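Worksheet for the structure shown next.
The values are calculated or read from the model by the stated rules, or taken from the named source; none is laboratory data. Here the structure is a predicted model, which means the values were calculated and not measured. Please note: Cβ atoms are built from the backbone with ideal geometry, for glycine as well, and neighbour counts cover all protein chains shown. Surface areas here come from the heavy atoms of the whole protein model, side chains and all, with no ligands, DNA or RNA. Shrake-Rupley method; radii C 1.70, N 1.55, O 1.52, S 1.80 Å.
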Amino acid sequence: MFDARFARRRAARYRRRGPDATARRIVELLAAGGLDGATVLEIGGGVGEISLELLGRGATSATVVELSPAYEQQAAALVAEAGLSGRVHRRLVDIAEDPTAVAPADVVVLHRVVCCYPDHPKLLGAAAGRTRARLAFSFPPRNAVSRAVVATQNRLLRAGGREFRTFAHPPEAMLDVLAGRGLAPVLAHRGAVWQVATATR
């Protein structure tokens, strides 16, 4: 799914249009709380566009963790083009399985990531454990439409012989995971396709 071709498309889209609407919303929500001097951890960050945007808003450094190595070349090019070499660090690691592989950060972001991971308590619990101050994540709503879309996507993936699956996890359960790890979560945006939650320590 997330191969070099996909990475090239993502990087090209970011160069043309900037971050997508939900990513922009996440950036604005986090920037509203101030980013000067903050460290960022972007989980499942792809080519790292949200990290670049947050660095442009005052964050000091960013770490982007990914499972696929296919993003690395495009991510490095975007960092260089933005003049941010040395301020973005990338790691290939499953943070849900190895949370201590990366240092805690002031701001933690997961954009369109939880819906790609089967065990949302494990992933969000790990993310919360790395959060010093604020966390933001996006996810699809859980309703009849989204569940039908997910089921259709997964049937097509299965028919194509792919192991990857998508998920529409219960929003309340996801927020409860963060609350259980000492964060105060809020559903900050209710979109038809993507919702955004934020949480503070």
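In this label model, ARG5 and ARG24 are separated by 2.9 nm, measuring between points 7 Å along each Cα→Cβ vector. Solvent-accessible area of VAL193, all protein chains in place: 100 Å² (probe radius 1.4 Å, heavy atoms, ligands and nucleic acids excluded). Normalised by the number of residues in the stretch 1-64, the average gap of Cα pairs under 8 Å and 6 or more apart makes the relative contact order 33 percent.
Assign one of three labels to the stretch 47-185, namely rounded, prolate or oblate, based on the Cα gyration tensor with a ≥ b ≥ c the square roots of its eigenvalues; rounded applies when a/c is under 1.5, prolate when it is not and a/b is larger than b/c, and oblate otherwise. Note, shape of the stretch 47-185 comes out oblate. For the pair the stretch 127-201 / the stretch 38-55, the C-alpha centres are spaced 18 Å from each other.
In the chain, the portion of solvent-accessible area held by carbon and sulfur atoms comes to 52 percent [1.4 Å probe, whole percent, DNA, RNA and ligands not counted]. The string of couplings for the stretch 188-199 from the Karplus curve (6.51, -1.76, 1.60, θ = phi - 60°) is 7, 8, 10, x, 5, 10, 10, 10, 10, 10, 10, 8 Hz, one whole number per residue in order, with x for Gly and Pro. Accessible surface computed residue by residue for the chain, with neighbouring protein chains in place and a 1.4 Å probe, gives 48 Å² per residue.
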